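To start, the structure under review is shown below, and the notes come after it.
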Amino acid sequence: MASSSLQICALLLALAGFTILLVTTMSNRWKISDSATVLVTADWISEGLWMDCAVTAFGSIECKKFPYMLSSDTHIQACRALMITSILLGFIATVLSLLGLKCTNVGLSDEDGKMKFAVTGGFLFILGGLCSMVAISWYAAMVTAQFFDPLYAGTKYELGDALYLGWAGSVLYMLGGILLTCSCKGKKKQDYSRNKYTYTAGQAPHQQRIYTSNSETVISNKEYV
């Protein structure tokens, strides 16, 4: 199995991405708009997946949850589902990866079992990163399309800070999963070569013993004649 230091670094990268995506999901700055583009008495307004907020000239922040979650746009509901799926996959992957680390003795002591847990955890990290990447990119594409659409009559927003944070978290998420998966890649081939060598070395004395036995049989027959 690969060195435990590589597995620990991979897990730390994935956990950093997991934390960033958790903050991104709860953030209210997926899209923002300043006072120059909206007819409200606020310096800027922002909107996330769950609520929108506004900051007045006096510095007070007022946030309001969406009254009906199911009445939101289709792409917002899809982004919520993808982000929640990403977080759940990351939680499961973290547990499996901790059980599969070479330096841990929790749950399993067999190296083959640990390798399977580590590879499964890395794959789930990659899948969770893809889910979050799709959600954030889809949301950014819709914001950009509405901003450049001259026929769009609603409030035009720009990309918020949470989207850039989410892209960075998704990259760390997938990078940690890839490194964790690749850290166990060469173990099976190495064990196979070692077992093959042991099997060949064990067969050579066995064939030699058969040859010696036959020789002794022939000599004894000549002596008898």
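Values in this text are rule-based calculations from the coordinates and carry no lab data. Remember, it's a predicted structure, so these values are computed and weren't measured experimentally. Note: ideal-geometry Cβ built from the backbone for every residue, glycine included; neighbour counts use all protein chains shown.
If packing is taken as the average count of other Cβ atoms within 10 Å, what order do 123-131, 141-149 fall into, highest mean first? Can you show the working numbers first?
Working: 123-131: 23.4, 141-149: 13.6.
So the peptides 123-131, 141-149, ranked by packing, come out 123-131, 141-149.
Between VAL95 and VAL55, what FRET efficiency follows from the Cβ-Cβ distance if R0 is 45 Å, with the result rounded to 0.05?
Numbers: r = 39 Å, r/R0 = 0.87.
So, using R0 = 45 Å, E works out to roughly 0.70.
Quote the FRET efficiency, to the nearest 0.05, computed for VAL171 versus LEU70 with a Förster distance R0 of 35 Å and r equal to the Cβ-Cβ distance.
0.65
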